[in-house]
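S.K.: What follows is a structure written as structure tokens; I'll ask about it next.
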Amino acid sequence: MTTQRTSGRRKQALAAAAAVAALLTTAACGGGGDDDKGSSTGAAGFDAANNKVAQASAAKKGGTLKFGAAQDADSWDTTRGYYGMMWNFARYYSRQLVTNKAEPGAAGAEITPDLATATAKVTDGGKTYTYTLRDGVTWEDGKPITSKDVKYGIERVWAQDVLSGGPTYLKDVLDPKGEYKGPYKDTSADKLGLKAIDTPDDKTIVFHLPQANSDFEEMLALVSASPVRQDMDTKAKYGLKPFSSGPYKFDSYSPGKDLKLVRNTSWKQASDPLRKAYPDEITIKFFSDANQLDQRLLNGDLDLDLNQTGMSPQGRTTALKQHKANLDNPVSGYVRYAVFPQSVKPFDNIECRKAVILGADHVSLQTARGGPVAGGDIGTNMLPPSVPGAEGQKYDPYKLAGDNKNGNAADAKAALKACGQPNGFKTTIAVRNNKPVEVATAQSLQASLKKIGITAEIDQYDGSQTAGIIGSPSNVQKKGYGIIIMGWGPDFPSVQGFGLPLWDSKYISQSGNNNYALIKDKAIDGLFNSYVTTLDDAGKTKIATEINHKVMEGAYYLPFVFERFINWRSDNLANVYTTDGYSGQYDFVNLGLKNPKK
């Protein structure tokens, strides 16, 4: 995840705005020897916090943890937020029944009890989930958090007319027919009319799924399942000052300028086994210029970047040369790729799709994304490394990281002949105009395709209007967008949390569509149907691998990279590590400072 999401279920990374100018030389700066393991500045060393804990025992209570950001959250309302960094940061002031473990790497994507005493008691063939709330869990005014508060917070997901944005998995799974109208249109006296959730007493909450879904508990770990107390619900204004159930509460917030959290004195450590609450205060300073943000990080004025989408090219180059011990190079959890809408000829023919995949220069595409350090490893398939069932570059059916990494003109031309286009064809590449790194990727692809007789025109469209432009299948067909440049990361680390909106035929929609390839494959649909009712992890992993293979066999996508970032941590940051739970971001929840008075 991560990284930031835009609207709907989409998790597009809003990566640094000027992300391409210096990318071509950055990879060369990534070398280093033994001196990277530490530095005179007191930094932990290059990659010291990548899937492992750096400065674990150095964290002390107190001080101000200082974030900087080039972009504010989409919303700080737990129902509406859909940026990965918002989900990560929201754990300071919101709790859920269950949440991600506060551990590095893959363990951080595992589920652990939070408000609940244990993970779910699952009965009725995977259709009933029962939880008991812990003793001593309270709101910021000291009143107990009840099962009804949890239910009401979840019901807000149904109020999309008032609280637009945010994930809607819970709505889709608990009320697939859309019968409940949300708490603001609820005619019951207590506004708790959602029949799929029972609250027999203040400590017990029971979920009744119409159909089993093996990722349901993953959905309850999203911040959209946070409790909200009815008398504190300010509806559309809630994101300006959410009411805290965590160790910190909002003190002040000026959108786009700054945010400050202070300790919630009603929070009790005994009721919260997850959160250590090291700092006294947590601040965010928002910058309109990413280069200015990076300079403040380099100067030591800030501890880390809230957005977690990597430093901009200018700051990154300086950091790699002069401050490498302050950097980590995590895999982001995103796959960057081109996708081929089958509604646009000749991409209704699998051999024409294969011609593009085989003819592309994959090293050039990787370089356009930033090279192996700032861009990522060459992508060979469509399942990101953080998702169970992923095989990384071991699964490379088109040899994109192997013999064909610079393109295979002979095989591409054979595919063109097989699809009835021996002399090549003309097409259009659609790319967002506010993503320089994507434009550079499109230009790289354009150049390599020209060598095999495919003439590709590049159409840069308004990136803020993605849902209505490439999300409209009729517009895609009308514009002749045979190739769309895009990227995706998991909402939660499973093939359902990543691939369902992309590959399942029932997710094809006339607006806000994300199944750009218009995949209608009964085998893929059937595998997803089997997945949601498979409750054992080994079975789920096997199905995820099968789905990825089917997608690649259909040649619907040309993967570019398994994305990587260069992220900064200050000398003063302690107990810092990246986590698969938030797509390779640093886990914010238990960060501390070595010197709180600094």
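The values are calculated or read from the model by the stated rules, or taken from the named source; none is laboratory data. If you're wondering where the values come from, they're calculated on a predicted model, not measured in any experiment. Neighbour counts are summed over all protein chains in view; Cβ atoms, including those assigned to glycine, are modelled from backbone coordinates with ideal geometry. Calculation scope for accessible area: heavy atoms of the full protein, side chains included, ligands and nucleic acids excluded. Shrake-Rupley method; radii C 1.70, N 1.55, O 1.52, S 1.80 Å.
S.K.: Can you work out ³J(HN,Hα) from phi for every residue in region 97-104, in order, using Karplus 6.51 cos²θ - 1.76 cosθ + 1.60 and θ = phi - 60°, giving whole Hz and x for Gly and Pro?
M.R.: 4, 9, 8, 6, 5, 8, 9, x
S.K.: Which residue, chosen from Leu400, Val356, Val98, occupies the Cα position most advanced towards the positive end of the dipole of the chain, where the dipole is computed from +1 (Lys, Arg) and -1 (Asp, Glu) charges on Cβ about the Cα centre?
M.R.: So the residue furthest toward the plus end is Val356.
S.K.: Let me ask something additional. How large is ³J(HN,Hα), in whole Hz, for each residue of region 469-482 in order, when computed from phi with the Karplus curve 6.51 cos²θ - 1.76 cosθ + 1.60 and θ = phi - 60°, using x for Gly and Pro?
M.R.: 9, 8, x, 10, x, 5, 5, 4, 5, 4, 7, x, 6, x
S.K.: I would also like to ask the following. Set the bar at 26 Å for Cα to Cα. Now go through Lys257/Lys598; Lys345/Lys506; Lys451/Lys550 and name every pair that lies beyond it.
M.R.: From the list (Lys257/Lys598; Lys345/Lys506; Lys451/Lys550), the Cα-Cα distance tops 26 Å for Lys451/Lys550.
S.K.: Ignoring ligands, DNA and RNA, please state the percent of accessible area on the chain from carbon and sulfur, probe 1.4 Å.
M.R.: Numbers: 10280 of 21270 Å².
Of the solvent-accessible surface of the chain, carbon and sulfur hold 48 percent.
S.K.: Could you work out how far helix 409-418 tilts from the main Cα principal axis of the chain, as a 0 to 90 degree angle to the nearest 10?
M.R.: Helix 409-418 sits at roughly 80 degrees to that axis.
S.K.: At Asp537 and Ser474, where each label point lies 7 Å from the Cα along Cα→Cβ, what is the point-to-point distance in nanometres?
M.R.: Once both label points are built, they end up 4.7 nm from each other.
S.K.: Once you sort the root eigenvalues of the Cα gyration tensor of region 99-151 as a ≥ b ≥ c, which label holds: rounded (a/c under 1.5), prolate (a/b larger than b/c) or oblate (the other case)?
M.R.: Oblate, because a/c is 1.5 or more while a/b does not exceed b/c.
S.K.: Which whole-number percentage describes the relative contact order of region 163-282, with Cα contacts under 8 Å and a sequence gap of 6 or more?
M.R.: Over region 163-282, the number comes to 15 percent.
S.K.: Quick check: residue separation of Ala414 and Arg263 times 0.36 nm, minus the Cα distance between them. What number comes out in nm? Could the numbers behind the result be given before it?
M.R.: Values: separation 151, 0.36 × 151 = 54.36 nm, distance 6.53 nm.
Full-extension gain reported as 47.8 nm.
S.K.: May I pose another question? Indicate the gyration tensor shape class of the chain (rounded, prolate or oblate), computed on the Cα atoms with a ≥ b ≥ c the square roots of the eigenvalues: a/c under 1.5 is rounded; otherwise a/b larger than b/c is prolate and the rest oblate.
M.R.: The shape class here is oblate.
S.K.: Would you mind getting the accessible area per residue of the chain, heavy atoms of the protein chains only, 1.4 Å probe, in Å²?
M.R.: 36 Å²
S.K.: Going by alpha carbons, how many degrees (0 to 90, nearest 10) lie between the helix axis of 313-322 and the longest principal axis of the chain?
M.R.: On a 0 to 90 degree scale, this one is about 80.
S.K.: For the chain, what is the calculated [θ] at 222 nm in deg cm²/dmol (nearest 500), taking -39500 (n - 2.57) for each run of four or more DSSP H residues and dividing by its residue count? Present the calculation step by step, with values, prior to reporting the outcome.
M.R.: On the way: 17 runs with 145 residues, N = 598.
-6500 deg cm²/dmol, from helical runs alone.
S.K.: Rounded if a/c is under 1.5, else prolate if a/b beats b/c, else oblate: with a ≥ b ≥ c from the C-alpha gyration tensor eigenvalues square-rooted, which is region 186-266?
M.R.: Details: a/c = 2.13, a/b = 1.77, b/c = 1.20.
Since a/c reaches 1.5 and a/b is larger than b/c, the shape of region 186-266 is classed as prolate.
S.K.: Would you grab the residues whose amide H sits under 5 Å from the one on Ala574? Only those 5+ places off in sequence or on another chain, please, with H modelled 1.01 Å from N.
M.R.: Sorted by chain and number, the residues that satisfy this are Gly592, Leu593, Lys594.
S.K.: Using DSSP to call loops (not H, G, I, E or B), can you name the trypsin sites (Lys or Arg not before Pro) in region 264-342 whose Cβ has at most 10 other Cβ atoms within 10 angstrom?
M.R.: Within region 264-342, no trypsin sites (Lys or Arg not before Pro) qualify (loop, at most 10 other Cβ atoms within 10 Å).
S.K.: In whole Hz, with x marking every Gly and Pro, tabulate ³J(HN,Hα) for region 51-64 from phi via Karplus 6.51 cos²θ - 1.76 cosθ + 1.60, θ = phi - 60°.
M.R.: 6, 8, 8, 9, 6, 4, 8, 8, 5, 10, 5, x, x, 10
S.K.: Let me ask something additional. Please list the non-local residues whose amide H lies under 5 Å from the amide H of Thr428, H modeled 1.01 Å from N, same-chain partners needing a gap of 5 or more.
M.R.: For Thr428, whose amide H was placed from the backbone, the distant partners under 5 Å are Glu457, Gly482, Ile483.
S.K.: A further question follows. Quick one: helix 537-553 against the long Cα principal axis of the chain, what's the angle to the nearest 10°, folded into 0 to 90?
M.R.: 30 degrees
S.K.: Can I ask one more? Can you give me the relative contact order of the chain as a percent, contacts being Cα pairs under 8 Å and 6 or more apart?
M.R.: Here the relative contact order equals 25 percent.
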